[in-house]
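Let me begin by presenting the structure, written as structure tokens, before commenting on it.
The values are calculated or read from the model by the stated rules, or taken from the named source; none is laboratory data. Since the model is a prediction, treat every value here as computed from it, not as a measurement. With ideal geometry, Cβ positions are generated from the backbone for all residues, glycine too; neighbour counts draw on all protein chains shown. Note: accessible area is taken over every heavy atom of the protein model, side chains too, but ligands, DNA and RNA are not part of it. Shrake-Rupley method; radii C 1.70, N 1.55, O 1.52, S 1.80 Å.
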Amino acid sequence: MPATKRSNRKEQILQALAQMLETSPGQRITTAKLAAEVGVSEAALYRHFPSKARMFEGLIEFIEDTLLSRINLILENEKETQSRIYNILLLLLAFAEKNPGITRILTGDALQGEQERLRDRVQGLFEKLETQLKQVLRERKLREGKTFQSDELTIANFLLAYIEGKMNQFVRSDFKAKPSAQFEKQWLELQKIWL
């Protein structure tokens, strides 16, 4: 089988998994259901992924690559700390909103009953995001000569907790409570806390 056809099938499987996570909130996705959705046998699924955990890891890799590369673009394009934080938070909220099924992975909802290493991998992603926020905040003193009322770790943790809370509300509401709703007003309040 040509490599491009094989990689296309892998992408098709991952897209189907993400779609099923979106359209079947609260339900566990079995390989039999996924195979039926893709229109292949379970054996064909396993030719592309050795396990369901590897399928979830494929989606987690997509999340990491997408978010971290876009954060790097924000850091290249924005020089002011406030703009950087604003754009990173908006990116995370918009990503969740555009990818409801994948947001179930980020909140851990879709990983219940799955292998622990998947939850560890998501935890590692959130640690990277917190570190990135903390770094942006630390650079404020160097770039702008300003400090904060609190330490950078506390602020970064608070901002990430805000993002995680919005993602959880989104999943809990069956994707009705949009993560970016009221962000502009909430951003004004967030700034009061950390500036």
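Within the same chain, lysines fewer than 8 places from residue 141 are excluded, and of the rest, those with a Cα less than 23 Å from its Cα are 79, 128, 192.
For the range 99-108, the Karplus equation 6.51 cos²θ - 1.76 cosθ + 1.60, evaluated at θ = phi - 60°, returns couplings of 10, x, x, 5, 5, 4, 5, 4, 7, x Hz by residue, with Gly and Pro reported as x. For the range 110-195, trypsin sites (Lys or Arg not before Pro) meeting the loop criterion (DSSP other than H, G, I, E, B) and having at most 13 other Cβ atoms within 10 Å: 146, 176.
First measure r as the distance between the Cβ atoms of residue 174 and residue 115, then evaluate 1/(1 + (r/R0)^6) with R0 = 25 Å and state the FRET efficiency to the nearest 0.05. FRET efficiency, residue 174 to residue 115: 0.45. Only Lys, Arg, Asp and Glu carry charge here, each on its Cβ (+1 for the first two, -1 for the last two); on that basis the chain has a dipole of about 240 debye about its Cα centre. Surface composition of the range 1-135: carbon and sulfur make up 46 percent of the accessible area, probe 1.4 Å. Protein heavy-atom accessible surface, 1.4 Å probe, per residue over the chain: 53 Å². Taking a ≥ b ≥ c as the square roots of the eigenvalues of the alpha-carbon gyration tensor, the range 113-195 is classed oblate because a/c is 1.5 or more while a/b is no larger than b/c. As I understand it, the value is the acute angle between the Cα axis of helix 152-172 and the longest principal axis of the Cα atoms of the chain; what does it come to in degrees, rounded to 10? Value to nearest ten degrees: 40. Across the chain, the volume of the C-alpha convex hull divided among the residues equals 120 Å³ per residue. Peptide packing: for 72-83, 34-45, 53-64, the average count of neighbouring Cβ atoms within 10 Å per residue gives the ranking 53-64, 34-45, 72-83, highest mean first. Shown is the FRET efficiency for residue 157 and residue 70, computed with R0 = 30 Å from the Cβ-Cβ distance and rounded to the nearest 0.05: 0.90. For the range 1-83, taking the reciprocal of the average inverse distance between every pair of different Cα atoms yields a Kirkwood hydrodynamic radius of 14.5 Å.
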